[in-house]
Amino acid sequence: MEKKTFQLFHSDVEPLTQWQNLGEADFAPATEQEKVSMVEEHKSVSYWKDAWRRFRANRVSMVSLFVFILLLLFAFVGPSFIAYSYEEQYREAAKLFPFEKTEAQEAAEALLAEGADGVLVTNLLPGSQTYLKKGNYYITARNGKTIAFNLPKSKEKIILVLESEKTPALWYVDQKAYLSGTYEKTEIETTDAPAENAAELKLTTSFFPHIFGTDSAGRDLLARCMYGTRVSLIIGIVAALIVLVIGSIYGAISGLAGGAVDFVMMRIVELIYSVPDVLIVLLLQVVLKEPLQKWFDASQGGIVKAMSDLGVGVVSIFITFALLYWVGMARIVRGQVLMLKKQEYVTAARALGVPGGRIVKRHLIPNCVGQLVITTCLQIPSAIFLESFLSFLGMGVSAPMASLGSLCSDALDVLQNYPYRMLCPAIILTILVLSLNLVGDGIRDALDPRLKK
Amino acid sequence: MTLYVLKRIVAAFFTLVLIATITFFLMNAIPGSPFMTDKSTPEQIAKANAKYGLDQPLPVQWWRYMTNYLRGDMGVSLKMQEGTEVTKILFGQGKFELSIRVGLWALLLAIVLGIPLGCIAAYNRGKAVDSVLRVLTTFGVAVPSFVFATLLLLIFAVHLKWLPVLSNSLETPASYVMPVLSLALYPSCYIAKLTRTSMLDAINQDYIRTARAKGLKTRRIIFKHALRNSLIPVITYLGPLAASIVTGGFVVETTFSIPGLGKYFISSILNRDYPVIMGTTVVLAALIVIMNLVVDIAYKIVDPRITLTAKED
Amino acid sequence: MSEFQAEKKVLLEVKDLKVSFFTHAGEVKAVDGISYTLRSNEVMGIVGESGSGKSVEAYSIMGLLQSPGKIVGGSVHFDGEDLLAYTPDQMTEFRGNRASMIFQNPMTCMNPVYTVGDQLIEALRSHRKDISREEARKRAKEMLEQVGVNNPERRLDQYPHEFSGGMRQRAMIAMALICNPELLIADEPTTALDVTIQEQILELMKTLKGRNNMSIIFITHNLGVVAEICDRVSVMYAGHIVEQGSVNDIFYQPKHPYTKGLLASMPRMDMVEHERLIPIDGTPVDLLDPPKGCSFGPRCRYCMKVCLNNPPPAVAVGEDNHVCACWLQVKEMLRQKEGEQLE
């Protein structure tokens, strides 16, 4: 039958006649089952699934997450795709613009184009070494043959060329002479068996471009940016975890204990809160440097080794976070604990005699987790921010280590002539912080829909 | 009210003492001596230490600092301008004034720009204006101030040559532009975001529904009923804002070579000039603490619910 | 009584009003075709559990509905004028002037940062531009006096947080009535208050209704309150009016199983000792996915086969415009008719 609109009073009440055809069967009582089937059961979606659905629906957060993953790849996988490392210095290749080539490289490329198996450009050896020391060497050629030779005198600024198909197979030219077009091949006598003390030489067959150029010390900027991003990310994540652990333990103890303990603990938090952090942070950076260095030098075991790899600057940033920055987290956790303590289900659990630890595990933690995730996520960019700030003032990470902030700081003096050296790390830093902020916002909106307007 | 203000002033005083104490012990923990140079002999160092009382036990030194500070005596510089009184270095040579000038302009700009932008975004929620502002402010809080500062430098000073590269002592109005802009970027964007959120929050309150039910015009509802309530979180932020401007001051003064307090503080740490470190820290900390005090009192004016006797979260 | 009522002017006429909320999960039909008429100086009670659409319906009349809520059908006529055709500006002028509203939670309904006097004066002056501040203040003082606030002169300069809950609700009423509206919509005005205060507020509303010759729509989930103040009652369930009639009809001749259930779950004076209160089984219906037939069906003790797939029609039962939407009534009437035919 067609659906009747529902009208009362002044509109005529529907005439009885149209239901004449309803029979006794229609007015029979419905079974329980039929009644239940009227209401379709809704699948109850779990909190996390629901949050993930909300997060996915948020286009901005999804794009930021994608960008963030790209940056993670850039920082952790990227270095294996480029031929340079963050700390190798190529003296000859200093201060290059993006994709710029050195003269030596151009010469070598010309030789390679003429059909050489491989070349060795003494000027483009890593480090400050621009010559090939005298001594015994061997080279493994393309066809697997071993070519050994002896260099009786150190040679500077030469290009060593191997042409295994031709004679002479191994020769070298003076770089300058080759570039001016009047060069002479100097043949090197070769043997098949290398001498006992011979060192292996690896020849270059192609040159990897300096995509972002190089810095004043001849380090590849792209490699340094990748490494810097990695350092910045590690700093952000570790600092956020430190804050999470210290803050939530402190806050939970304070909230759960209550009374005098809570009072004293919160006064301490307030004190730390009122201290202007940056002033203290700057002092701490200087104070911590030397003792840390001594400690690192003294002990060389597992975790200390890992820390000393990161460098004194980074570790002192961690210590700073552990000392000063957990107070915000502690307040949030305490607030959550106090709020939850008042909730009926916790009162009920306590009334039932559920032990304290179990209440914490079963009720408090699952309910706090959203807030904790949100606060931790937003802590990461702020830690990266602080690190870059310190490094920019020359108090954080120091060379050859790099962070995005220290790269910017290094570039400040040469800003007028080499603006890209500032721009590359600065843009990456901005995108990193931006994407982390937006992902954090997205997580907050997804986990706590009440906050979303 | 008066009692509350007095209480807060006492609390602020103790905060300052605490900061001075922390600073004192931290700076004494910095390895090395202010008198250590390549040429100095141990005897010379000992003599210099004795001259400035650095050979005395730390608690004695600490007590001397505290009592002298109460009399307004901040001691004399040990190294950077040896023999000059710290008060004279900080206040007599224009350092404090320079920092304050840039800071105040930035503070003003942040408020004057941030609050209206936040209101405009909230008023046009969901429309194009809101989206544009959201993108801009999100960028504004993600760009580190030194990046923005150098970007400005690159564009307006190096390429366009409209503004001077070095701001130095801010003699011309043009030299203010870039330092103030880069200092105000983060706070103004943050305030705009904060205002927008708290404005939208206020709009969802019951009293706004009442105001609508009374038949008030939208404009009046937003700018009278919602704005004043949404300003409360913004005022709370003014405390951290002061701190962020002090922090930003370090970067901006370094980037634009302004010989202000921030730049001097950093060199004083590197030079281990104890009295200067102490003096600068206390002065900067005092600025922040006073700002927090002002914020707490401004609270009372905007929100009559706060009784100012029990300050608890 | 009913003849006398019919002569009174019709103030508000709601016809087949439909309001939906468009959420990401789908359309929620919060109000699904309700109709009623309110005459001047009449008090209509709208009763239902939370989520039955009673507040949404009131908001739509006042034009206070906010996104994602939308009126999708029906009409609302106030004193012969089509309210749904009003422009936003006209609606602004209408609100607070010809019709006012008070809300459930007096603690949060006043702006905490302005004085009570300021908010009262604002309500008056936004509709009566010609009134001076002094006059408005005088009028605000009178209003506070009328609603039984002691020491009104001093109270005007106090902030809402300095008022107690009951006093604030009085002030809210004063604010709502300051322009002498013809209609007052009271959305659970006593729910958040203590029982003794509730009683005082109800008394006050009764008095003011007589004095100002206005109509009241009284929204509540408390049948006891309804008995005290209302002339007519609409019982709402899941966006529908399931039963409507005079207070006496609803209380003494309830027809709909839901109304009966509500009455059985409420303590009464005439209750026999040890008689038990009977709760209504089940949970309120999910409006995102309401049952095809009668929305009360899944919880109804008398649910029949016909109820499963067919929404019940409204039929007149008894006199005085007592109407009920239930297949049981149809069944009853068909039986009666058969009986008549047999005779």
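The values are calculated or read from the model by the stated rules, or taken from the named source; none is laboratory data. Please read these numbers as outputs of a predicted model, since none were measured by experiment. Note that each Cβ is placed from the backbone with ideal geometry, even for glycine, and that neighbours are counted across all protein chains shown.
Points to keep in mind about this one:
- Top-ranked residue in segment A:211-250 [being part of a helix (DSSP H, G or I) and in contact with a Cys (Cβ under 7 Å, 6 or more places away or on another chain); ranked as modelled with the highest pLDDT]: A:225
- Qualifying residue in segment B:122-137 (condition: surrounded by 15 or more Cβ atoms within 10 Å (Cβ to Cβ), at the interface with chain A (Cβ under 10 Å from one of its Cβ atoms) and of a type in the set (A, V, I, L, M)): yes
- Any hit, segment B:231-254, residues being within 12 Å of chain A (Cβ to nearest Cβ), surrounded by fewer than 24 Cβ atoms within 10 Å (Cβ to Cβ), of a type in the set (Ser, Thr, Tyr) and over 14 Å from the mean Cα position of the chain (by Cα): yes
- Residue, farthest from residue C:173 (Cα to Cα), within segment B:195-210, restricted to residues that are within 9 Å of chain C (Cβ to nearest Cβ) and of a type in the set (Ser, Thr, Tyr): B:207
- Just so you know, in segment C:95-121 the residues that are outside any loop (DSSP other than H, G, I, E, B) and at the interface with chain B (Cβ under 7 Å from one of its Cβ atoms) include one that is farthest from the chain's Cα centre (by Cα), and it is C:95.
So that you can scan it fast, the table gives a plain yes or no per residue for (1) modelled with pLDDT under 75; (2) within 28 Å of residue C:244 (Cα to Cα); (3) in contact with a Phe, Trp or Tyr (Cβ under 7 Å, 6 or more places away or on another chain):
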| position | (1), (2), (3) |
| --- | --- |
| A:10 | yes, yes, no |
| A:19 | yes, yes, no |
| A:41 | yes, no, no |
| A:50 | no, no, no |
| A:55 | no, no, no |
| A:63 | no, no, no |
| A:71 | no, no, no |
| A:74 | no, no, no |
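- Condition check for residue A:190: at pLDDT below 75 and touching a helix residue (DSSP H, G or I) at 6+ places or on another chain (Cβ under 9 Å): no
- Breaking point among (1) in contact (Cβ under 8 Å) with a residue 60 or more places away in the chain; (2) closer than 14 Å to residue A:225 by Cα, for residue A:60: (2)
- Check on residue C:242, modelled with pLDDT of 85 or more and not aromatic (Phe, Trp, Tyr): yes
- All positions within segment B:262-281 that are crowded, with 24+ Cβ neighbours inside 10 Å, within 11 Å of another protein chain (Cβ to nearest Cβ) and within 24 Å of residue B:292 (Cα to Cα): B:262, B:265, B:277, B:280, B:281
- Residues of segment C:141-168 satisfying the condition of being within 12 Å of chain B (Cβ to nearest Cβ) and either modelled with pLDDT under 85 or not in a loop (DSSP other than H, G, I, E, B) (or both): C:160, C:161, C:162, C:168
- Spans of helices (runs of 4 or more DSSP H) in segment B:173-255 with at least 1 residues touching a strand residue (DSSP E or B) at 6+ places or on another chain (Cβ under 7 Å): B:206-213
- Among residues of segment C:275-313, those that are of a type in the set (A, V, I, L, M, F, W, C), surrounded by 13 or more Cβ atoms within 10 Å (Cβ to Cβ) and either more than 9 Å from every other protein chain (Cβ to nearest Cβ) or in contact (Cβ under 8 Å) with a residue 40 or more places away in the chain (or both), counted: 6
- A single entry from A:315, A:275 fulfils the requirement of being more than 15 Å from residue A:395 (Cβ to Cβ) and buried (at least 18 other Cβ atoms within 10 Å of the Cβ): A:275.
- Of residues in segment C:184-198 being among the aliphatic types (A, V, I, L, M) and within 12 Å of another protein chain (Cβ to nearest Cβ), the one farthest from residue C:56 (Cα to Cα): C:192
- Members of segment A:405-422 that are more than 14 Å from residue A:217 (Cα to Cα) and at the interface with another protein chain (Cβ under 9 Å from one of its Cβ atoms): A:405, A:408, A:409, A:412, A:415, A:416, A:419, A:422
- Across segment C:314-343, the number of residues qualifying as more than 7 Å from chain A (Cβ to nearest Cβ) and surrounded by fewer than 22 Cβ atoms within 10 Å (Cβ to Cβ) comes to 16.
- Positions within segment A:405-420 being out of contact with any Ser or Thr (no Cβ under 9 Å at 6 or more places or on another chain) and under 15 Å from residue A:212 (Cα atoms), in sequence order: A:417, A:420
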